[in-house]
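K.L.:
Dropping the structure in here first, questions after.
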Amino acid sequence: MTWDVVVVGAGPSGSAAARACAEKGLATLCIEEHGTIGYPVQCAGLLSTSAFEECGVSRESVQNEVCGARMVSDLGGELLFDARTTKAYVVDRSLLDREMAQRAADAGAEYLLKTSVSGMQGSSLLTRGVRGREEISFRLVIAADGPRSSVARMLGLRRPEIYLGGVQAEVPCRVDPRYVELHPNASPDFFGWVIPVSATRARIGLCAREHAKDHFDRFIARYGGNCIHLASGVIPLGVMPQTYGHRALFVGDAAGFPKPTSGGGIYTGVRSAKHAAEVAAACCARGEFEDDSLRDYERRWKEDFGRELDIGLKVLRMRQRMTPEEIDRLCRALNDPGVIETIVEHGDMDRPGTLIRRLALKPALIRGMGILFASGVRQILTI
């Protein structure tokens, strides 16, 4: 049998692609290297309301709802913003992933678990797993196989430019379940977080380019050492130079779509999967799979969220140049009633460009951080 589409990877991006392709009537197979969908968990499990809606699932995986955030500098600066309405969901990722796979299967996609791709020959995938060594014929591949995409390596495609190591523990501790805490000084490259699962349990973690575990050990020490669950993973930042080629489309983490401002990748991953399904359906209908036909996929995702990723990467680079003292000044400058009102009104975890643009014009921020900082933010937005 020749499959119209073979999706490699059954995370949220892969299952979203499999579901969308199956709903369009394409013969779709999803290959997953692990024996159980949803494990191991390699995600903080905090989804914006928009990202959760994109997943197209029930609320079964939702463990908590948050309406705001507290940003805390180790040097005393702090601010709190409360939207007084749900802005994000804390989810059980294993339940979320399994429900997304179930929805894809219900739409007609088939799943092959405990099977990995070992090679590609023309329009065939070479696999090994529960059915032994096998050759699977396809018309198009959608690669949703994560940060270290084996499909990209097999095709010799360049990868995202930045990789952050992430470590997170779930621990018993008392927290305000309404707010996520952000600790920018916990990591020299990114930030640390405290995500409330309930009033008595939280996910505490951080990302860093180097020595992530060392930074994490120092950060987690503030909350005691009674760890319920420990997870680690890799976050790729900076989109691969070309997200298509050789009968393959790259979605989610495999393409480098996590947001540089937060590290979250589900919103962009699922959005990219849906664009990939549209292109896959058009290519299968025409019987055309050359790079010229696949190029439309890149146009689609760039028009959707490409500019937000560009802005986010520039913001990340500016943050990485900031000293702890400058980060503390930023916390204090943001702790202004007018600035907080702007954050509450225009803050968007998935599309931060509008908020950054408005903050760059705030007199309180210019006074607190200086004209050079404000000018730098304006330069970020001129892309």
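The values are calculated or read from the model by the stated rules, or taken from the named source; none is laboratory data. On a predicted model such as this, the values are computed, not experimentally measured, just so you know. Glycine also receives a Cβ, built like all others from the backbone with ideal geometry; neighbour counts cover every protein chain displayed. Surface areas here come from the heavy atoms of the whole protein model, side chains and all, with no ligands, DNA or RNA. Shrake-Rupley method; radii C 1.70, N 1.55, O 1.52, S 1.80 Å.
K.L.:
Condition first: surrounded by fewer than 23 Cβ atoms within 10 Å (Cβ to Cβ) and either without any contact (Cβ under 8 Å) to a residue 24 or more places away in the chain or under 24 Å from Ala186 (Cβ atoms) (or both). Can you find one or more residues in region 238-247 that meet it?
P.N.:
Yes, region 238-247 contains at least one residue that is surrounded by fewer than 23 Cβ atoms within 10 Å (Cβ to Cβ) and either without any contact (Cβ under 8 Å) to a residue 24 or more places away in the chain or under 24 Å from Ala186 (Cβ atoms) (or both).
K.L.:
What's the total number of residues in region 269-311 that are out of contact with any Asp or Glu (no Cβ under 9 Å at 6 or more places or on another chain), open to solvent by 40 Å² or more (accessible area, probe 1.4 Å) and in a helix (DSSP H, G or I)?
P.N.:
Matching residues across region 269-311 total 10.
K.L.:
Taking Thr200 and the conditions (1) β-branched (Val, Ile, Thr); (2) surrounded by fewer than 20 Cβ atoms within 10 Å (Cβ to Cβ); (3) in contact with a helix residue (DSSP H, G or I) (Cβ under 9 Å, 6 or more places away or on another chain), which numbered condition does it fall short on, given that it satisfies the others?
P.N.:
Going through (1) β-branched (Val, Ile, Thr); (2) surrounded by fewer than 20 Cβ atoms within 10 Å (Cβ to Cβ); (3) in contact with a helix residue (DSSP H, G or I) (Cβ under 9 Å, 6 or more places away or on another chain) one by one, Thr200 breaks only (3).
K.L.:
Another question about this same structure. Could you identify the single residue in Ala18, Ala105 that is modelled with pLDDT of 95 or more and either of a type in the set (Val, Ile, Thr) or open to solvent by less than 40 Å² (accessible area, probe 1.4 Å) (or both)?
P.N.:
After applying the criteria, what remains is Ala18.
K.L.:
Identify the residue in region 38-66 that is open to solvent by less than 20 Å² (accessible area, probe 1.4 Å), outside any strand (DSSP E or B) and hydrophobic (A, V, I, L, M, F, W, C) and, among all such residues, is nearest to Arg139 (Cα to Cα).
P.N.:
Result: Cys55.
K.L.:
Let me ask something else about it. Would you please list the contacts, defined by Cβ atoms under 8 Å and residues six or more apart or on different chains, that run from a residue in region 35-46 that is touching a residue at least 60 places away in the same chain (Cβ under 8 Å) to a residue that is of a type in the set (Phe, Trp, Tyr) and surrounded by 13 or more Cβ atoms within 10 Å (Cβ to Cβ)?
P.N.:
Going by the 8 Å Cβ cut-off, the qualifying pairs are Ile37/Tyr111; Ala44/Trp193; Leu46/Tyr89; Leu46/Trp193.
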